[in-house]
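Accompanying notes for the structure given below.
The values are calculated or read from the model by the stated rules, or taken from the named source; none is laboratory data. Since we're looking at a predicted model, the values are computed, not measured. Methodologically, a virtual Cβ is constructed for each residue, glycine included, from the backbone with ideal geometry; neighbour enumeration extends over all protein chains shown.
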Amino acid sequence: MGGLKSMSVGFSAWQEPVLQSQFYPDDLPEDWRADYYFNNFRVAMAPQHDWMQWDQARLISLDEAMLAENFVYLNWSDVSAASVAKVQWIKGALGSKLAGLLLTGGWTADLYHEHHSIFNGLAVTLMQPLSASWVLSSWQWDYNEVCFSGEPLGMFDRLPANLKEQRQLIEAFRTTLPGTSAVPVFVNANQVSIKQLTDLSSMIELLGY
């Protein structure tokens, strides 16, 4: 799983505007946000509208900010020649620090097979409505009317306020995993507070996942 040693949590959009007021210090220069983020969390995900805007300077800052235990995942929702080229460029620039792709939105089985070569070396997870007719592997996790398949990855829009219920949620997810619990778990910054995320991270560590 891309070098992860344990279940690792992070935000599903690490540059989300809400984090600028709730997570990053007010006086922190924008160029230092990646350093600050990866000092607190091991994994980050970027939605397509973010990573399509990345330039050489952004990739250099990401590469310099990330330590050996840090990994980036891309949410890839709109397949086009431009997005294919961008993923290839990011993959070449970040190397093993780009750990995986979350395929959402307009992906179909035909598109997946057409672009299969770009997935080499990456953990690929498919996120589709339960009504979708195809999956990537025998691992499946149905959550919140969505089916995840492929390489295990957790994605939570919300977390229960009660820590006991959070534990039940994580343990239920853990039971679906085919082996190691060293998987990324992402939450929505617009729905989950910083405290909830840090509490979740601490709980996962205590559970030994």
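Okay, here's what the table says:
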| item | result |
| --- | --- |
| Sole residue being of a type in the set (V, I, T) and part of a loop (DSSP other than H, G, I, E, B), chosen from V192, V185 | V192 |
| Filtered residues of region 97-130 (kept if in a helix (DSSP H, G or I), out of contact with any strand residue (DSSP E or B) (no Cβ under 8 Å at 6 or more places or on another chain) and either crowded, with 16+ Cβ neighbours inside 10 Å or touching a residue at least 12 places away in the same chain (Cβ under 8 Å) (or both)) | A109, L111, I118 |
| From N188, N162, N144, residue being polar (S, T, N, Q) and either in contact with a Leu (Cβ under 8 Å, 6 or more places away or on another chain) or under 27 Å from Y36 (Cα atoms) (or both) | N188 |
| Count of region 1-53 residues which are small (G, A, S) and over 25 Å from E151 (Cα atoms) | 2 |
| Considering residues of region 141-162 that are within 17 Å of S201 (Cβ to Cβ) and among the hydrophobic types (A, V, I, L, M, F, W, C) only, the residue surrounded by the most Cβ atoms within 10 Å (Cβ to Cβ) | L153 |
| Every residue from region 163-182 that is touching a Ser or Thr at 6+ places or on another chain (Cβ under 8 Å) and either among the acidic types (D, E) or surrounded by 14 or more Cβ atoms within 10 Å (Cβ to Cβ) (or both) | R174, S181, A182 |
| Candidate set from region 41-68 (those that are surrounded by 13 or more Cβ atoms within 10 Å (Cβ to Cβ) and among the polar types (S, T, N, Q)); member that is modelled with the highest pLDDT | Q48 |
